[in-house]
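S.K.: Take this structure first; my questions come after.
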Amino acid sequence: MRRVLVLPSFNEERSLPPLLHRVEDLGVVDRVLVVDDGSKDRTAEVATTSLDHLPVQVLRHDTNHGLGTAMRTAFAALAAGPLDDDDAVIVMDADNTHDPALIPQMCQALQGADVVVASRYCPGGREFGLAWHRRILSRGASALLRIARPVPGVRDYSCGYRAYRLGIIRRALTGGAESLITTDGFACMAEILLRLHRLGARCTEVPLALHYERKEGPSKMKVAKTIRGYAAILRAVPPSRDQR
């Protein structure tokens, strides 16, 4: 199983170097794909100069479109490439709040699943340094979605730290990248999970300790836009057959 790390990035020139250095020191992935979503700083430059031995590819958007568009770009590029269906695509935030040391455990769990979520809400999961309104939004959204669109084995619908088997991504992209991700904002992570579940993806979780105090700079999440995104997802993604 080859491992590709995907880092959707927007103005992360300060966070990327320490994260990439740690990834390379740990030796947990085979290559890195950075999607620079219209950054105004040196994100693309530091992405290409921070690694000594680990291959890195940077895909750039001229303007900032949002996380959903960055994910569409990454998935489309990897699905069209030479990787095998059983290879792992690991997606994590580029702001250094996720620990890459968790990648081996996630890939081990991927042996019996198609999607592995690094979860704050499963036993052993924790979160540090998250503002109260972000905590309420994340927990509230996950609780609502668990009721309205349950995905067996998953409690954390919004965390961006995940491992995917490339084959399930390829299946989901048969109608184009827009058939998997229709929202551009942070709510796209819940949409990806729900749409893959409808395709029959086997999903599971491993516990995550989220260290938000490590983040450089303010959050890029727009709360009102994210709430609207979750509402749009519930309208766009119907319940799976076993939930009707």
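S.K.: Please work out the Kirkwood hydrodynamic radius for segment 106-216, using every pair of different C-alpha atoms, and report it in angstroms with one decimal place. Intermediate values should be presented prior to the final figure.
M.R.: On the way: mean 1/r = 0.0691 Å⁻¹.
About 14.5 Å, per the Kirkwood formula over Cα pairs.
S.K.: Here's something else I'd like to know. Probe radius 1.4 Å, ligands and nucleic acids ignored: give me the carbon and sulfur share of the accessible area of the chain as a rounded percent. The partial results should precede the final answer.
M.R.: On the way: 5480 of 10630 Å².
Heavy-atom surface of the chain belonging to carbon and sulfur, 1.4 Å probe: 52 percent.
S.K.: Give me, ordered by chain and number, the residues 5 or more places off residue 6 or on other chains with an amide H under 5 Å from its own placed amide H.
M.R.: When sequence neighbours closer than 5 places are left aside, the close amide H contacts are 33, 90, 91, 92.
S.K.: Moving on. Could I have the simple spin-label model distance between residue 1 and residue 143, label points 7 Å from Cα toward Cβ, reported in nm to one decimal?
M.R.: Distance between the two pseudo-spin positions: 3.3 nm.
S.K.: In Å, the Kirkwood hydrodynamic radius of the chain over pairs of distinct alpha carbons? Before the final figure, lay out the partial values.
M.R.: On the way: mean 1/r = 0.0560 Å⁻¹.
Averaging 1/r across every pair of different Cα atoms and inverting gives 17.9 Å.
S.K.: Which FRET efficiency, nearest 0.05, do residue 202 and residue 80 yield, Cβ-Cβ r, R0 25 Å?
M.R.: Values: r = 24 Å, r/R0 = 0.96.
After rounding to 0.05, the efficiency reads 0.55.
S.K.: For the pair residue 135 and residue 105, how long in nm is the line joining their label points, each one 7 Å along Cα→Cβ?
M.R.: The two pseudo-label positions are separated by 2.1 nm.
S.K.: If you roll a 1.4 Å probe over the heavy atoms of the protein chains, what accessible area per residue do you get for segment 75-168, in Å²? It would help to have the intermediate numbers written out before the result.
M.R.: Details: 3470 Å² over 94 residues.
For segment 75-168, the solvent-accessible area averages 37 Å² per residue.
S.K.: OK, next. For segment 1-110, what mean projected area does the convex hull of the alpha carbons give, in nm²? Don't jump to the answer; show the numbers that get you there.
M.R.: Working: hull surface 25.6 nm².
Its Cα hull, projected and averaged over all orientations, spans 6.4 nm².
S.K.: Return the whole-Å distance between the Cα centroid of segment 35-84 and the Cα centroid of segment 111-164.
M.R.: 24 Å
S.K.: As a test, work out the antiparallel percent of DSSP beta bridges whose residues both lie in segment 78-236, rounded to the nearest 5.
M.R.: Numbers: 7 of 15 bridges.
Once the DSSP bridges in segment 78-236 are tallied, antiparallel ones form about 45 percent.
S.K.: While we're on this one: Report, in deg cm²/dmol and to the nearest 500, the calculated mean residue ellipticity at 222 nm for the chain, where each DSSP H run with n ≥ 4 adds -39500 (n - 2.57) and the sum is divided by the residue count. Could you put the intermediate results ahead of the total?
M.R.: Working: 8 runs with 87 residues, N = 244.
Computed mean residue ellipticity for the chain: -11000 deg cm²/dmol.
S.K.: Taking the Cα centre of segment 98-216 as the origin, how large is its charge dipole in debye, to the nearest 20, when only Lys and Arg (+1) and Asp and Glu (-1) carry charge on their Cβ atoms? It would help to have the intermediate numbers written out before the result.
M.R.: Working: 17 positive and 10 negative charges, 60 e Å.
In total the dipole reaches around 280 debye.
The values are calculated or read from the model by the stated rules, or taken from the named source; none is laboratory data. Please read these numbers as outputs of a predicted model, since none were measured by experiment. Cβ atoms come from the backbone with ideal geometry, glycine included; neighbour counts cover every protein chain shown. For accessibility, only protein heavy atoms count, side chains too; no ligands or nucleic acids. Shrake-Rupley method; radii C 1.70, N 1.55, O 1.52, S 1.80 Å.
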